[in-house]
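Engineer: Here it is: the structure, laid out below.
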Amino acid sequence: MKAYREGFSGRASTSAAGRETASARETDASGVDRDFVAGYSQLTSLPVQDVSAFVESGDADALLQARYQASGLTRGQLIPANVMLFVASWEAYNGTRASPEQVRGLQQQMQSLWSKAADFERSAEGLRQRRLYELLAAVLMRENARVRQRQDADGIAVFRETVREDFLRLSHNDLARFDLTGEGFVER
């Protein structure tokens, strides 16, 4: 998550001018997209070669828009973006698509546990974090479809374990220990 907060760019400037430039860049979606592409390997061990093309072509946004609509989530907010990332990870690990009821349950669960103020969501860092969640979710959804389409049991097993390890590293939650229900994640 440190990579999320720092935006993969290694910004070390603490001057006012540096902060203003960084703040403007953080709200610029194309800047966040570039940082995501550049720092993708810091977020996941999944060997995806065409992340740049996927993001820059608009395919990531098209996939996200379709999933937001199908899931009944509102795009452009931090909690739904976080829900989308958790759902994409869960789906990739379990090999099944979450129902709208499961997605709503997870959203309600996250809203009840959310400790950050609404001001953070509108801040440059909140906007940046939302976009990074969305892009990682889009890559996971697309790779899940690709891997499962090949119907290679060994490849699926490696993919699942990589997603599980990445999710555990980023969120400290083990996908193998939870089911996604209409009440959100519940421990098995």
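Engineer: Do we have any residue at all in region 77-91 that's over 12 Å from the mean Cα position of the chain (by Cα), within 24 Å of residue 128 (Cα to Cα) and outside any helix (DSSP H, G or I)?
Structural biologist: Yes, that holds for at least one residue.
Engineer: Count, please, the residues in region 63-78 that happen to be open to solvent by 20 Å² or more (accessible area, probe 1.4 Å) and either over 15 Å from residue 143 (Cα atoms) or modelled with pLDDT under 90 (or both).
Structural biologist: Residues in region 63-78 being open to solvent by 20 Å² or more (accessible area, probe 1.4 Å) and either over 15 Å from residue 143 (Cα atoms) or modelled with pLDDT under 90 (or both): 9 in total.
Engineer: Quick check on region 1-34: of everything there that is surrounded by 13 or more Cβ atoms within 10 Å (Cβ to Cβ) and among the basic types (Lys, Arg), which residue is modelled with the highest pLDDT?
Structural biologist: Taking the candidates together, the pick is 34.
Engineer: Let me ask another. What residue, among those in region 120-159 that are farther than 23 Å from residue 68 by Cα and in a helix (DSSP H, G or I), is most open to solvent (accessible area, probe 1.4 Å)?
Structural biologist: Out of the qualifying residues, it is 150.
Engineer: Let me ask another. Looking at residue 92 and the list (1) open to solvent by 70 Å² or more (accessible area, probe 1.4 Å); (2) closer than 17 Å to residue 144 by Cβ; (3) modelled with pLDDT of 90 or more, which single condition is not satisfied?
Structural biologist: Among (1) open to solvent by 70 Å² or more (accessible area, probe 1.4 Å); (2) closer than 17 Å to residue 144 by Cβ; (3) modelled with pLDDT of 90 or more, the lone unmet condition for residue 92 is (1).
Engineer: Let me ask another. For region 40-52, which positions are open to solvent by 60 Å² or more (accessible area, probe 1.4 Å), touching a helix residue (DSSP H, G or I) at 6+ places or on another chain (Cβ under 8 Å) and either outside any helix (DSSP H, G or I) or over 18 Å from residue 128 (Cβ atoms) (or both)? Spell out how you get there, then give the answer.
Structural biologist: If we filter region 40-52 for residues that are open to solvent by 60 Å² or more (accessible area, probe 1.4 Å), which is where we start, we get 41-42, 45, 47, 49.
The next check asks that each one be touching a helix residue (DSSP H, G or I) at 6+ places or on another chain (Cβ under 8 Å); those that pass are 42, 45.
Result: 45, single match.
Engineer: Scan region 28-44 and report the pairs whose first residue is at negative phi and in contact (Cβ under 8 Å) with a residue 12 or more places away in the chain and whose second residue is open to solvent by 10 Å² or more (accessible area, probe 1.4 Å) and among the polar types (S, T, N, Q), with Cβ atoms within less than 8 Å and a gap of 6+ or a chain change.
Structural biologist: 35/9; 37/52; 38/9; 39/9; 44/162
Engineer: What is the number of the single condition among (1) in a helix (DSSP H, G or I); (2) modelled with pLDDT under 90 that residue 37 does not meet?
Structural biologist: Result: residue 37 passes all but (2).
The values are calculated or read from the model by the stated rules, or taken from the named source; none is laboratory data. Owing to the predicted nature of the structure, the values given are computational and were not obtained by experimental measurement. We place every Cβ from the backbone using ideal geometry, glycine too, and count neighbours over all the protein chains shown. Each accessible area value is taken on the protein alone, full model and side chains, heavy atoms only, with ligands, DNA and RNA left out. Shrake-Rupley method; radii C 1.70, N 1.55, O 1.52, S 1.80 Å.
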